[in-house]
Amino acid sequence: MAIDWNSMFMPTESILEVVLRGTIMYLGMYFILRLFRRQAGQIGTADLLVIVVIADAAQNGMAGETHSVTEALILILTIVLWDVLFDWLGFRSVVVRRFLEPAPLLLIKDGKFVDRNLRKEFLTEEEMRGYLREHGLENENTVKECYLESSGHFSFVLSSERHPAKSDGNG
């Protein structure tokens, strides 16, 4: 099988058009996301979904085969507006928020693993001990409660926070 070097390296579209499409799509997505997305320290499931869908929509606008840059930017704007609408509805309504975001899941209660909830998330006790060590905790006995939050992060309530050490009366 011979390699067709010309078709591999020779552009089928104008280089200027490729640069213009890429520039317009990048700047358009940048400003749309800057206007409608808040800066957060973490990416949630909905944010990841929006990024994947936007990447597909942007590819159509940059490829130039059949889609115009305008159509791609309108599609991206539509996706982002739906995401913002869901965020706003979740902020305004407890019912919608419960539907859009899973409730925190209790994984450790009073120093003991909640096996049913660990199985639900396919987490082993050894994996949980690893997460405890990553957070500077010796073992599950030091934890009053541990939750898997809707963001995918773990939150810990330490036993000493709930039950302060008792004074011996000398001080």
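Each reported figure results from applying straightforward, stated rules to the coordinates on display, with no laboratory input. On a predicted model such as this, the values are computed, not experimentally measured, just so you know. FYI the Cβ positions are ideal-geometry reconstructions off the backbone, even for glycines, and counts take in every protein chain you see.
Overview of values
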| read-out | value |
| --- | --- |
| Normalised contact order of segment 105-162, rounded percent, pairs of Cα under 8 Å and 6 or more residues apart | 38 percent |
| Low-density loop cleavage sites - chymotrypsin sites (Phe, Trp or Tyr not before Pro) in segment 61-159, where at most 15 other Cβ are within 10 Å (DSSP) | Phe122 |
| Along principal axes, Cα extents of segment 105-162, largest first, whole Å | 28, 21, 18 |
| Residues whose placed amide H lies under 5 Å from that of Val143, excluding near-sequence neighbours | Gly111, Ser159 |
| Inter-label distance, nm, simple model (7 Å from Cα along the C-beta direction), Arg98/Ala2 | 7.0 nm |
| Placed amide H near Val114: partners under 5 Å, 5+ positions off or other chain | Ile108, Lys109 |
